[in-house]
Amino acid sequence: MPTLEKLPNLKILCFLYYSFNGKDMVCSEGGFPLFQSLLLSSLGFLEEWRVEEGAMPSLCHLTIHMCCNLKSIQDGLRFVTTLQELDIKWMPKSFKYRLDKGGLDFDKVKHVPSLVIRYSNEFLHI
């Protein structure tokens, strides 16, 4: 991530099928300056994704798909005010409930105009 976030013209990034094998992913302050779209899909080892304030200042679309060990949305996402769509697919129900109105993480995503949560299943939790 430290190398990728310094690429000045990177606008779209897709992490698919264990392409990131770490437990922690960090997006640092000032990182990904022109970033518009991020897909995190089938990252089975990912447990924590940290977004520091000032990271991804242009992010519009975020999809989190089948990252079954990801426990929650981190506080830093509340600072990504450009985010227009957050798409959550095939995540555990416990993850979904945290994002629902009144949930523990709702205040982190309430600024996002389109929050789509599809196909949440408890059996996905590993």
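The values are calculated or read from the model by the stated rules, or taken from the named source; none is laboratory data. Bear in mind that the values here come from a model prediction, so they are computed numbers and not experimental data. Neighbour counts are summed over all protein chains in view; Cβ atoms, including those assigned to glycine, are modelled from backbone coordinates with ideal geometry.
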Which residues, counting only those in segment 1-45, are surrounded by fewer than 13 Cβ atoms within 10 Å (Cβ to Cβ) and touching a helix residue (DSSP H, G or I) at 6+ places or on another chain (Cβ under 7 Å)?
none
Tally up the residues in segment 1-11 that are in a loop (DSSP other than H, G, I, E, B) and over 15 Å from the mean Cα position of the chain (by Cα), please.
7
Among (1) in contact with a strand residue (DSSP E or B) (Cβ under 8 Å, 6 or more places away or on another chain); (2) over 16 Å from residue 37 (Cβ atoms); (3) basic (Lys, Arg), the one test that residue 101 misses:
(1)
Looking for whichever is within 10 Å of the chain's Cα centre (by Cα) and free of Cβ contacts under 8 Å to residues at least 60 places away in the same chain here; the options are 46, 40, 83, 104. Which one fits?
40
Take the residues in segment 1-27 that are closer than 14 Å to residue 59 by Cβ and of a type outside the set (A, V, I, L, M, F, W, C), then tell me which one is modelled with the lowest pLDDT.
5
Considering segment 12-34 alone, what residues qualify as being assigned to a loop (DSSP other than H, G, I, E, B) and closer than 19 Å to residue 65 by Cα?
17, 18, 19, 20, 21, 22, 23
